[in-house]
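> The structure follows.
The values are calculated or read from the model by the stated rules, or taken from the named source; none is laboratory data. Computed from a prediction, not measured in an experiment: that's the story for all the values here. For neighbour counting, all protein chains shown are included, and Cβ atoms are generated from backbone atoms with ideal geometry for every residue, glycine included. Heavy atoms of the whole protein, side chains included, go into the accessibility calculation; ligands, DNA and RNA do not. Shrake-Rupley method; radii C 1.70, N 1.55, O 1.52, S 1.80 Å.
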Amino acid sequence: MIPKYFRIFYWGLFLVLIVSACGREYESPAQQTQELSTAPATPEPSLPPFPAGTSSTTQPAAVPTQDMARLKIILPENTSQMTVLSQLGKGAILSAALFSPDARRLAVPTAAGVFLYDPETLQALNWLPVSTPFIAFSPDSRLLAAGGQAPLTLWELETGALSGELRAVEGDVLWEVAFSPDGSLLAAVSINREVHLWSLASGEHLYTVPGDKLQFSPDGSLAVVVTLGENRVVLYETTAGAQVQEWDYQDAGFTPGGQLWLEDWQSTRLAYLDRDLLSAPFNGHLQAFSADGSLMALLANNQISIYDHQQGRRSQILEGNYVRVDALYFSPDGETLAGAVYTLTCPTCSELEGLDPSLVLWRAADGGLIAQVALLSSEITYSPDGSKLVAALVEEVQFIEAGSGSLNQKLSGFSAPVAGMDLEPNGDRLAAVYATNPYLLRLWDLEQGEVTQILQGSMEDGSSENSMAVAFSSDGKYLAMRGDIWDLAASMHLTDLELAITEASSCWSKSVAFSPLENTLATGCFAGQLHLWRVPGSKVLMQLGDLSSWVDWLDYSPQGDHLAAVYGVPDYLVQVYEAANGNPVFSISGGHFIRVAYSPDGSLLATVETSEEYETYGHAAGYVKLWDAANGDLISQLEVDDASSIAFSPDNRILATGSFDGTLRLWEIQGGAQLFEARQHFGPIQAISFTLDGEILLSGSLDGVINLWGLSE
């Protein structure tokens, strides 16, 4: 079971990634081998080989692909040659790290692909271009199956090649994936509450049964299927899918010894199938079993008990009381147990006042506490020998000694979703805001590909945000991220200014933009509050407009004489103001606008407005239009309906659009022709930007990766 924060994070992110992929055919890598069914051969988003040090870095690493010392300016004439030069970060971890049955590989599923490591040395072995939290190793450790957007894919672990695809319902989303113990069958649960089974030998789809969860018996002859919320547990024989028996229980599964257990939330029973009998109820739920199946751990009344279920008696009570337990495991060697638990923040606090997450280790012999380690909610896995616990966080994998609870090693370099970016005015550094809890700002040295500064925000749940505005001041000394204003030299908040902004607007700013001429900061809020401030300082210069909508986005003209503001519900317009006096110049209406950007020469405005299809599902993506920046007259509309971000090239000749499905496109402004298209992200591109010299185009995505695009000489 996945702890709450991590569960919410990865389900939310995975759903965004799935929706962004809908409507697109699966694009298999060029190195694919023989397939179980026909697979198209267009290039899939591809990460380069790992640099030697990525297994031990403490911050997201840059992954180079080409020499960036000698680059060409990106022009309409050469865009077809553009490639990914380097990548910042390895994507957000989506679920637990998984050991292969032969213990030779550790798989880390991320939003930017599945990374494979040697679990002993932590050296990178391979990378699989599939973005999903749902993976499974075949029993012989030869294949890895990946769920997500149908079809289900199979990957050769030695080569990283796509081995085949298993199809059921076109366009379905496949959740949990499981091989039968002998490797002859593969099962997957679909979003439509159906369990599909395939033959691995032929690739044939064998049958479908209703349900939300499946577990094979240890000998593979039976499978138990649970329909959640309906008190329905059904036992099937796996050869033809014939129903064997049915019970009215909430949950069920098999012990490692092959006995079926049944749960009704408050208690757990063991089923004796050969005699059609059920044991007396054991008080508790959240079952964990020792490797030989002889011991069962259950949670009841905030305590965890260990039972010898064959004898029908409780043998131990684990030390401690816990408000909530999200995961519970026996070690493979039977020596310890581990749990992801929550305790009250203080003895007199209520649950509403806060819970502290931690990892707890107990001795199985006497139930004594080994260690309780503060750990942001994660999914945990024991190493095959039981000596270590592997905890997967959003940006790192931690290796914890099971005997002491001490941190042994880290596997880092992963990166949370990129929710916003801005280039320093001199072009040396990139500020990227990552959707963590609270959010993180990383400043990247683009030449070195290294993080030079990290700022942790005050926003409590940045992980729930898909888009966050960030802006450098004109002198590069200050950085604004919504309601947080940073002095970069001191790595400190400008608290007086932040307080003044909050008092003036009665909210934490949603949108920010610095004037290019001086350190004037524009802040927009939820009820039309739009103010200008001098930074540093805490005095408001003026308030603009009298609208009542969310101020969703802001952009100054390159001359600093105009400010364009995007207003959401209920006004739905772009309003351009004179920056000197706040007078409105013109407005653009007729759509739900989400982005606005001035061209470098100030002659054009580009906007993104949501299309009906994306707005129906609450996604910020849609059409791109170009307007005359002098009067707001419409000039043209580009042939794209899923754009989520926009940026002009420094020479005013190209407009780049990042799309909800991870596709980057370049357009010639004169005439509107599409110049370039490539899909090298697995998630929506939330921010794009050209460097001042026009040699690099940066794209940041919810998959957690920032791509640096360009042309090497």
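> Of all residues in segment 102-114 being touching a residue at least 60 places away in the same chain (Cβ under 8 Å) and not polar (S, T, N, Q), which is nearest to Pro417 (Cα to Cα)?
Of segment 102-114, the ones touching a residue at least 60 places away in the same chain (Cβ under 8 Å) are 103, 106, 108, 110-113.
From the residues that got through so far, the ones that are not polar (S, T, N, Q) too are 103, 106, 108, 111-113.
Working: Ala103: 30, Leu106: 23, Val108: 16, Ala111: 8, Ala112: 10, Gly113: 13 Å.
Once the filter is applied, the top-ranked residue is Ala111.
> If I go through segment 197-241 residue by residue, how many of them are aliphatic (A, V, I, L, M), farther than 15 Å from Leu262 by Cβ and exposed (fewer than 15 other Cβ atoms within 10 Å of the Cβ)?
Summing the residues that are aliphatic (A, V, I, L, M), farther than 15 Å from Leu262 by Cβ and exposed (fewer than 15 other Cβ atoms within 10 Å of the Cβ) in segment 197-241 gives 2.
> Kindly provide the set of residues from segment 615-669 that are under 17 Å from Ile594 (Cβ atoms), touching a strand residue (DSSP E or B) at 6+ places or on another chain (Cβ under 8 Å) and outside any strand (DSSP E or B), ordered by number.
Glu615, His619, Ala620, Ala621, Leu638, Val640, Asp641, Asp642, Phe660, Asp661, listed by residue number.
> Could you list, in sequence order, all residues of segment 557-571 that are modelled with pLDDT of 95 or more and open to solvent by 20 Å² or more (accessible area, probe 1.4 Å)?
Pro558, Gln559, Asp561, His562
> Among Ala522, Ala527, Ala513, which is the only one that is of a type outside the set (Lys, Arg), over 28 Å from the mean Cα position of the chain (by Cα) and closer than 19 Å to Met421 by Cα? So that I can check it myself, show each step before the final result.
Working: Ala527 fails: closer than 19 Å to Met421 by Cα; Ala513 fails: over 28 Å from the mean Cα position of the chain (by Cα).
After ruling out the rest, the residue left standing is Ala522.
> On the basis of being touching a residue at least 60 places away in the same chain (Cβ under 8 Å), farther than 18 Å from Lys388 by Cβ, of a type in the set (Val, Ile, Thr) and crowded, with 18+ Cβ neighbours inside 10 Å, does Thr79 make the cut? First the steps, then the outcome.
Values: touching a residue at least 60 places away in the same chain (Cβ under 8 Å): yes; farther than 18 Å from Lys388 by Cβ: yes; of a type in the set (Val, Ile, Thr): yes; crowded, with 18+ Cβ neighbours inside 10 Å: yes.
The answer is yes for Thr79.
> Filter segment 335-355 for residues that are outside any loop (DSSP other than H, G, I, E, B) and open to solvent by 40 Å² or more (accessible area, probe 1.4 Å); which is nearest to Leu393 (Cα to Cα)?
Leu355
For (1) touching a Ser or Thr at 6+ places or on another chain (Cβ under 8 Å); (2) within 25 Å of Ala271 (Cα to Cα), each residue gets a yes or a no:
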residue	(1), (2)
Val169	yes, no
Phe179	yes, yes
Glu204	no, no
Tyr207	no, no
Asp212	yes, yes
Leu222	yes, yes
Val226	no, yes
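> Okay, moving on. Just to be sure, is Ser358 of a type in the set (S, T, N, Q) and in a strand (DSSP E or B)? Before the answer, list the steps.
Numbers: of a type in the set (S, T, N, Q): yes; in a strand (DSSP E or B): yes.
Here the answer is yes, as Ser358 does meet what is asked.
> Do any residues in segment 261-284 that are at negative phi have Cβ atoms under 9 Å from those of residues that are of a type in the set (Asp, Glu), where the two are at least six apart or on different chains, and which pairs are they?
From segment 261-284, the pairs are Trp261/Asp251; Leu262/Asp251; Glu263/Asp251; Asp264/Asp248; Asp264/Asp251; Thr268/Asp251; Arg269/Glu263; Pro281/Asp264.
> Those residues that are open to solvent by 20 Å² or more (accessible area, probe 1.4 Å) and assigned to a loop (DSSP other than H, G, I, E, B), I need them from segment 447-461; list them, please. Give the derivation first.
Taking segment 447-461 and keeping what is open to solvent by 20 Å² or more (accessible area, probe 1.4 Å), we get 447-448, 450-454, 456, 458-461.
Glu447, Gln448, Ser458, Met459, Glu460, Asp461 - these are the residues of segment 447-461 that are open to solvent by 20 Å² or more (accessible area, probe 1.4 Å) and assigned to a loop (DSSP other than H, G, I, E, B).
> I'm trying to understand the selection: among the residues of segment 485-513, which are in contact with a helix residue (DSSP H, G or I) (Cβ under 8 Å, 6 or more places away or on another chain) and modelled with pLDDT under 95?
Of the residues in segment 485-513, the ones in contact with a helix residue (DSSP H, G or I) (Cβ under 8 Å, 6 or more places away or on another chain) are 485, 508-509.
Listed by number, the residues that qualify are Trp508, Ser509.
> Looking at segment 237-257, which of the residues that are in a strand (DSSP E or B) and aliphatic (A, V, I, L, M) is farthest from Ser294 (Cα to Cα)?
Per the stated criteria, the residue is Val244.
> Same structure again: Considering only segment 110-151, state which residues are crowded, with 21+ Cβ neighbours inside 10 Å and of a type in the set (Val, Ile, Thr).
Thr110, Val114, Val130, Thr132, Ile135
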